[in-house]
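The values are calculated or read from the model by the stated rules, or taken from the named source; none is laboratory data. All values derive from a computational prediction rather than experimental measurement. FYI the Cβ positions are ideal-geometry reconstructions off the backbone, even for glycines, and counts take in every protein chain you see.
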Amino acid sequence: MTTNSFGARSDLTVGGASYEIHRLDAVGDEAAGLPYSMKVLLENLLRQEDGETVTAEDIEALARWDGGASDREISFMPARILMQDFTGVPAVVDLAAMRDAVEQLGGRAGAINPLIPTDLVIDHSVSVDTFARPDAFARNVEIEFERNGERYQFLKWGQQAFDGFRVVPPGTGICHQVNLEHLARVVFVDEATGRAYPDTLVGTDSHTPMVNGLGVLGWGVGGIEAEAAMLGQPISMLLPRVVGVRLEGELPEGATATDLVLTVTELLREHGVVGKFVEFYGPGVGNVPVENRATIGNMSPEYGSTVTIFPIDEETLRYLRFTGRPDSLVELVERYAKEQGLWFDPQAVPRFSETIELDLSSVVPSIAGPSRPQDRVALSEAKARFATALLTSLPEQALTGTDEASAESFPASDPPAASEGVTGEGGAEPEAAETRVAGPRSAGAAPERVRKEVPVTLADGTEVTLDHGHVVIAAITSCTNTSNPSVMLAAGLLAKKAVERGLTRQPWVKTSLAPGSKAVMDYYERAGLTPYLEKLGFHLAAFGCTTCIGNSGPLPPEISTAVNDEGLAVVSVLSGNRNFEGRINGDVRMNYLASPPLVVAYALAGTMDRDLVNEPLGTGSDGEPVYLRDIWPTDAEVTETLRDAVRSEMFDRAYADVFAGDERWTSLESSTGERYEWSDESTYVRNPPHFDGLTPDPAPLADITGARALAVLGDSVTTDHISPAGAIRPDSPAGQWLQDHGVAPADFNSYGSRRGNHEVMIRGTFANVRIRNRLAPGTEGGVTLHLPDGEEMTIYDAAMRYQDEGVPLVVLAGKEYGSGSSRDWAAKGTFLLGVSAVLAESYERIHRSNLIGMGVLPLELPAGETVESLGLTGHEQFDIVGLDGQEVPPSEVEVRAGDVTFTAKVRIDTPREADYYRHGGILRYVLRDLARR
């Protein structure tokens, strides 16, 4: 029950219906100058005010916010929760385990139940096993159900066990695209109370800000934080800084939304927006359609902002109508936004913390890579920049021509097991490769590009020659771009022109088309573009994340063998949002993000070693060279095709029965009841040990003494490095556990699909095939030293030995630790390995929060200091002093490491986070709270 200190409640009548709203102008004129995003937060506080969780002082502090840094903690209650299945399954596992645990504490199992609407979209589990075939989609869905039936049965149990929990079945689309095109309301109406208020959410996926493009405030959180929100806990946050980006101009001919977002990603990463809100304003905003706005919002985690939002305007209303939202909602959105001062004014300059400018006309065709989304490369420079990147990615012996092992060598990952859809059986044994070496990478002048020509006979008998830089994966994938009809139609038009000129894809390229919405295939069909895409191998493979999440499926075995045996640095090109090391495919060393039409172009070229601006893509059927400029569709062609092909009713059809599912889904049998019946035989869903030994009250804090370093890591260590989502190697600890429990390597599925099983996930923590631990130089992929004896072993085995010895653990790292996906298992696995604290130069927001949520202490090295500058090697014993007996963790602690002593900042930023840490994590805090009710 809100106390309504400001008398903010009033009625708004729209279309004959009356809604209760909380007026922003009730707090005075100061609110009018706030950024749009802060106004949404202000309304949230007004509506949630209860004198305890939200006070009048909180509201006044936000209304008077002047853009400066603030230590004011506020509590945010989202209207709803969004999940995908990789993060949703472990969240439901936790809720099921909490029902067991709360009864053990004397509470009711039914108390563990979502208090706000929660939608889970199954989109992360389908893999591109079959490709470039008419039956690719049907076969991939069939394989998906064969692999994941147990997980899906568990989710069906959750759907009946928990109130307000809905599941969008497989084969429907990607969660963020489904959210943008269907679930998002912009203005939310609580049918029980008649209240209307801004639609807000948190999602268990870092790309949740995609919906910011529609004016909906939402961001990614870890699954454990989302679970707490589901159970009534507010999201604790400090008043954010808001960076205003002033837009002017419009995109030039030939520049796509993807080029724009890669430019924005580079600009904002350089400016520094980690943990901040980003909001667009100025005269150029109206020139950015919602589809492009959503593409920009989707990439928020790639430059580190919490949100990247556009206010509500006529373009918002246009998109709502376009995607089939009812007229009554569109009218409510317009009336509410104008009544509350949330309607965009292109002349207004809100009170931002800082501002930067972007002239849209400066955007040029671009790609990003080879391993970070913010590393934008102008297409005109792509060939030269690739040659430079190749030199730094290859092991030293490839440059010198020697056979000696190098400390920088990259042992190849085991190729995934072959599966249906990779045509043929095996391949001819490759002949001896010819290597042409430029010279050592220390040479001053730019060296000639390293080449290594490897003859390969494909399954159909085609003979090809593979080289460094050959594109082996070209994937139109991910909600980032497949939500945008303009770039998707551009890809189809380019394919049409290419086929008409007689071009074909290179035979070593694995091509796939995996849109995030069924509407895409509807407008492809209406535009007559599907046959041309299929002629180039871009058959529909799935409606899901696929390659972008690492579910690219195996390369053809003869390609994989040649890549691994000969140490080839091959390439993927995808229209996604992530290209981190080891993420896309274990065989592929270099990964580039590109617009869908450029994905098609690189499938035609087959290599990164080609200047697509000045060199031909290939030779046409007339014997003449064909350049990219010859087949690139004009903006007018794209606009005309979009106008003729895309219809609002396509979205109506796509989402008519969004929660129904196909026959496979409806025929799945699942258990029923309030509590889940765990099975010790399951290799997918197990009761996690997070609540073992839980007592009614938390113990006082204690110093961490005699700790050893489990890993010493560098900068930009991502959650993919910490907890990979892709393939499980047979010789890894996780692979060994699965085989010991009767699972053949062909049935391993992926780490992401196994997140409901802690036995697999703890063994997969720090097991990315490309992670490099400085404690074990010259190695890659989850290797460390057990100290003090120095024996080399897997990180999992070392952690288990340390646990047996009663030795706590720490992890040392550089800047941006935990960047990337909002992956709660990156924190859960860290906790279960026995890591008590992480010492890093800086953290990405979500992972820092997740560590606290699991009771792991995030410490920040002194400003300007690094692991190296402090003289740390990781061989020291660590004591972290200053916690002993404390009720609340201090702001600083003393770290003693051998002969080195320094003061580290405790990155527990709010009182609520302090409560979570004191209780050993957020879920334990919630359990104890619910057990007392």
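Here are a few things to note about the model shown:
- Single unsatisfied condition, residue 305 versus (1) surrounded by 18 or more Cβ atoms within 10 Å (Cβ to Cβ); (2) in contact with a Lys or Arg (Cβ under 9 Å, 6 or more places away or on another chain); (3) outside any loop (DSSP other than H, G, I, E, B): (3)
- Within the range 493-513, the set of residues being in a helix (DSSP H, G or I) and touching a residue at least 60 places away in the same chain (Cβ under 8 Å) comprises 493, 494, 495, 497, 498.
- Check on residue 109, farther than 23 Å from residue 176 by Cα, outside the structural domain of residue 752 (by TED's automatic domain parsing), in contact with a Phe, Trp or Tyr (Cβ under 8 Å, 6 or more places away or on another chain) and at pLDDT below 95: no
- So residue 554, is it surrounded by fewer than 24 Cβ atoms within 10 Å (Cβ to Cβ) and touching a residue at least 12 places away in the same chain (Cβ under 8 Å): yes
- Residue 262 surrounded by 19 or more Cβ atoms within 10 Å (Cβ to Cβ), more than 22 Å from the chain's Cα centre (by Cα), touching a residue at least 24 places away in the same chain (Cβ under 8 Å) and outside the structural domain of residue 378 (by TED's automatic domain parsing): no
- Matching residues, the range 66-90, being of a type in the set (A, V, I, L, M, F, W, C), in contact with a Pro (Cβ under 9 Å, 6 or more places away or on another chain) and surrounded by fewer than 24 Cβ atoms within 10 Å (Cβ to Cβ): 76, 77, 79
- Set 784, 765: member being at pLDDT 95 or above, touching a strand residue (DSSP E or B) at 6+ places or on another chain (Cβ under 7 Å) and not aromatic (Phe, Trp, Tyr): 784
- Test result for residue 448, at pLDDT 50 or above, surrounded by fewer than 17 Cβ atoms within 10 Å (Cβ to Cβ) and touching a Gly at 6+ places or on another chain (Cβ under 9 Å): yes
- Filter result for residue 791 (surrounded by fewer than 24 Cβ atoms within 10 Å (Cβ to Cβ), under 16 Å from residue 580 (Cβ atoms) and not assigned by TED's automatic domain parsing to the domain that holds residue 90): no
- Residue match in the range 216-235 (condition: in a strand (DSSP E or B), closer than 16 Å to residue 115 by Cβ and in contact (Cβ under 8 Å) with a residue 24 or more places away in the chain): yes
- Qualifying residue in the range 618-637 (condition: closer than 16 Å to residue 500 by Cα, crowded, with 24+ Cβ neighbours inside 10 Å, of a type in the set (Val, Ile, Thr) and in contact with a helix residue (DSSP H, G or I) (Cβ under 7 Å, 6 or more places away or on another chain)): no
- Only residues that are farther than 21 Å from residue 244 by Cβ, modelled with pLDDT of 95 or more, buried (at least 17 other Cβ atoms within 10 Å of the Cβ) and not aliphatic (A, V, I, L, M) were counted across the range 1-43, and they come to 3.
- Residues considered: 829, 882, 921, 898. Of these, the only one that is within 26 Å of the chain's Cα centre (by Cα), at positive phi and not charged (D, E, K, R) is 921.
This table checks each residue for (1) assigned to a loop (DSSP other than H, G, I, E, B); (2) under 22 Å from residue 598 (Cβ atoms); (3) not assigned by TED's automatic domain parsing to the domain that holds residue 636.
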{"residue": "247", "(1), (2), (3)": "no, no, yes"}
{"residue": "251", "(1), (2), (3)": "yes, yes, yes"}
{"residue": "254", "(1), (2), (3)": "yes, yes, yes"}
{"residue": "266", "(1), (2), (3)": "no, yes, yes"}
{"residue": "274", "(1), (2), (3)": "yes, no, yes"}
{"residue": "279", "(1), (2), (3)": "no, no, yes"}
{"residue": "283", "(1), (2), (3)": "yes, no, yes"}
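- Pair list, Cβ < 8 Å and 6+ apart or interchain, from the range 748-770 residues that are on the phi > 0 side of the Ramachandran plot to residues that are among the basic types (Lys, Arg) and part of a helix (DSSP H, G or I): 749/147
- Within the range 831-869, being of a type in the set (Asp, Glu) and either touching a residue at least 12 places away in the same chain (Cβ under 8 Å) or crowded, with 24+ Cβ neighbours inside 10 Å (or both) holds for 841, 844, 860, 865.
- Given (1) surrounded by fewer than 22 Cβ atoms within 10 Å (Cβ to Cβ); (2) touching a residue at least 60 places away in the same chain (Cβ under 8 Å); (3) in a loop (DSSP other than H, G, I, E, B), number of the condition residue 610 does not satisfy: (1)
- For residue 876, the conditions (1) farther than 30 Å from residue 94 by Cα; (2) under 33 Å from the mean Cα position of the chain (by Cα); (3) surrounded by 15 or more Cβ atoms within 10 Å (Cβ to Cβ); (4) among the acidic types (Asp, Glu) are fulfilled apart from (2).
- Residue 744 closer than 27 Å to residue 149 by Cβ and surrounded by fewer than 21 Cβ atoms within 10 Å (Cβ to Cβ): yes
- Which listed residue, of 643, 610, 653, 647, is of a type outside the set (A, V, I, L, M, F, W, C) and either in contact with a His (Cβ under 8 Å, 6 or more places away or on another chain) or more than 30 Å from residue 327 (Cα to Cα) (or both): 610
- Test: residue in the range 127-150 that is under 23 Å from the mean Cα position of the chain (by Cα), of a type outside the set (Lys, Arg), in a loop (DSSP other than H, G, I, E, B) and closer than 30 Å to residue 75 by Cα: no
- A count restricted to the range 326-373 and to residues that are without any contact (Cβ under 8 Å) to a residue 60 or more places away in the chain and buried (at least 16 other Cβ atoms within 10 Å of the Cβ) stands at 3.
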